[in-house]
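Every number in this text was worked out from the coordinates using simple rules, so none of it is lab data. Values in this document were obtained by computation on a predicted structure and should not be read as measured data. Cβ: placed from backbone, ideal geometry, glycine included. Neighbour counts: every protein chain shown.
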Amino acid sequence: MLEASSPAKAILFGEHAVVYGKPAIAISLDRRMNLTVFPAGEATVDGGRLSMRKHRYVKKAYGELWEGPAIAFRTRSSIPSASGLGSSAALSCSAVAAMLFLRGDLSEENIARKAFEVEYAVQGRASPTDTSCSTHGNAIMVSPLAGDDLLWTILAGENVWNVHHVDPPELKLVVGYTKKPSITPIQVEKVRNYYNRSGFARETIDDIGSLALDGMKALRSRDLVEIGELMDRNHSLLTILGVTSRELDKLRDAAGPLSYGTKLTGAGGGGSIIALTERPDEVCEAIRVRGGVPFSVSTTRKGTSVEVTDRNALDIFIKPGPGKKD
Ligand code: PMV
């Protein structure tokens with residue numbers, strides 16, 4: 001009756017450092033999380049009763065945003081979960097957008113803010129990078145400084161994140177998924193412990209932030225060689241923070257000789273690498289040979305969208321009906 005859809009994302013530069021308010025750049029990818037919404041006797045996700053244990057993001061969004069008749073959600077996704085590609089952010093954005101639409105409150109900024117609140121509540125420390133990128137589509141730069149193309153500013157703890165629109169660069173990227181889950185809160189916590197006890201870790205976070213600014217310059221000038229070098233350097237800095245793994249490095253070794261640059265993307269530990277390359281087929285094959293799951297991706301402009309598929313069925317939500325929220 002209503003379908004909300006949000007894209008995957010890849011962080012090109014700056015993951016982890018962005019949690020400490022440093023700059024980062026993320027791009028939206030042409031893989032999506034679609035969430036169909038329809039009226040039901042009780043709230044469910046894919047047929048199972050909505051629960052905090054199984055459906056943390058949808059449950060949180062539902063509890064925060066919805067007071068109307070019960071909703072059944074059905075998910076359809078081409079984003080592997082726990083892959084570092086923002087599947088939970090895309091789910092949060094889609095759930096939030098569907099409910100904001102039904103409340104008559106839909107705007108891009110509202111989706112970005114509410115979806116961030118959902119992620120922050122569920123994950124603990126989180127930056128708005130994933131949720132803002134999935135909401136807005138295109139590419140974004142998150143920065144402590146407000147500048148041109150500012151979309152919105154998000155505050156949490158001592159951090160100020162200014163989210164800027166960036167025209168999506170046309171990059172040929174290959175994702176190499178390790179098949180090992182990347183658990184964001186665990187990796188973020190690991191970095192936090194290191195950050196709290198080591199000046200070297202804090203300097204490394206600063207270095208990642210400066211590198212993201214250089215990355216923005218390289219993207220603007222479409223300098224693929226420079227972008228690739230910065231990706232490699234960003235990966236080395238993430239290695240110092242302890243968030244790479246044998247599985248990720250194996251896929252980097254496979255893709256590296258065929259690429260301008262490669263790095264882990266997202267929280268790390270497991271999840272995925274991205275490779276910037278003009279030889280995507282060969283990179284895919286090299287990743288496959290080393291046991292990874294490869295796929296070529298393109299950037300997309302399309303952020304979160306909501307489409308009404310059955311206007312009549314909407315009436316139960318718009319006018320108070322017999323259904324009841326459980
Ligand atoms: O792995 P993902 O898609 O959850 O990305 C996490 C990115 C971090 O910078 C590690 C955390 C954050 O909230 O920005």
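On C-alpha positions alone, give me the angle between the axis of helix 280-289 and the longest principal axis of the chain, in degrees, nearest 10. Compared with the principal axis, the helix lies near 90 degrees. In the chain, the calculated helix contribution to ellipticity at 222 nm averages -12500 deg cm²/dmol per residue, counting -39,500 (n - 2.57) for every DSSP H run with n ≥ 4. Ranked for footprinting exposure by Cβ neighbours inside 10 Å, fewest first, V174, V166 give V166, V174.
About its Cα centre, the dipole of region 121-225 is roughly 500 debye, where the only charges are +1 on Lys and Arg Cβ and -1 on Asp and Glu Cβ.
Cβ crowding within 10 Å ranks V243, V96, V175, V308 as V308, V243, V175, V96, fewest other Cβ atoms first.
Helix 87-103 axis versus longest C-alpha principal axis of the chain: approximately 30°, rounded to the nearest ten. Listed peptides 212-221, 253-262 appear in the order 253-262, 212-221 once ranked by packing, highest mean of other Cβ atoms within 10 Å at the front. Working from Cα pairs under 8 Å separated by at least six residues, relative contact order for region 2-306 is 25 percent.
Taking the Cα of D167, stepping 7 Å toward and past its beta carbon, and measuring to each backbone N in region 126-141: which are under 13 Å? The answer is 139, whose backbone nitrogens lie closer than 13 Å to the label point. Between helix 224-241 and the chain, what is the angle of the helix's C-alpha long axis to the longest principal axis, kept within 0 to 90° and rounded to the nearest 10? Approximately 80 degrees, to the nearest ten. Among beta bridges from DSSP that stay inside the chain, the antiparallel ones total about 95%. Sorted fewest first by neighbouring Cβ atoms within 10 angstrom, C284, C133 come out as C284, C133. When the charge dipole of the chain is built from unit charges on Cβ atoms (+1 for Lys and Arg, -1 for Asp and Glu) and taken about the Cα centre, the candidate among L2, S296, V163 whose Cα reaches farthest toward its positive end is L2. Among V191, S210, L150, whose Cα sits farthest toward the positive end of the charge dipole of region 2-306 (+1 at Cβ of Lys/Arg, -1 at Cβ of Asp/Glu, about the Cα centre)? Going by the charge dipole, the pick is V191.
Under Stokes-Einstein, with the Kirkwood radius over Cα pairs standing in for Rh, what whole-number D in µm²/s applies to the chain at 25 °C and 0.890 mPa s? Calculated translational D: 124 µm²/s. Counting only residues at least eight positions apart within a chain, or on another chain, the lysines with an alpha carbon under 22 Å from that of K302 are K9, K114, K172. Take the chain, mark every one of the GluC sites (Glu not before Pro) that falls in a DSSP loop and has at most 12 other Cβ within 10 Å, then report the longest stretch left between them, sites excluded. Free of exposed loop sites, the longest segment is 171-277. Evaluated over the Cα positions of region 1-158, the convex hull gives a direction-averaged projected area, one quarter of its surface, of 8.9 nm².
When the Cα positions of A286, P39, A139 are compared along the charge dipole of the chain, P39 comes out farthest toward the positive end, with charges on each C-beta of Lys, Arg, Asp and Glu. Take each peptide in 144-156, 17-29, count the other Cβ atoms within 10 Å of every residue, and average; sorted highest first, the result is 17-29, 144-156. Assuming charge only on the beta carbon of Lys and Arg (+1) and of Asp and Glu (-1), the dipole of the chain about its Cα centre is about 1040 debye to the nearest 20.
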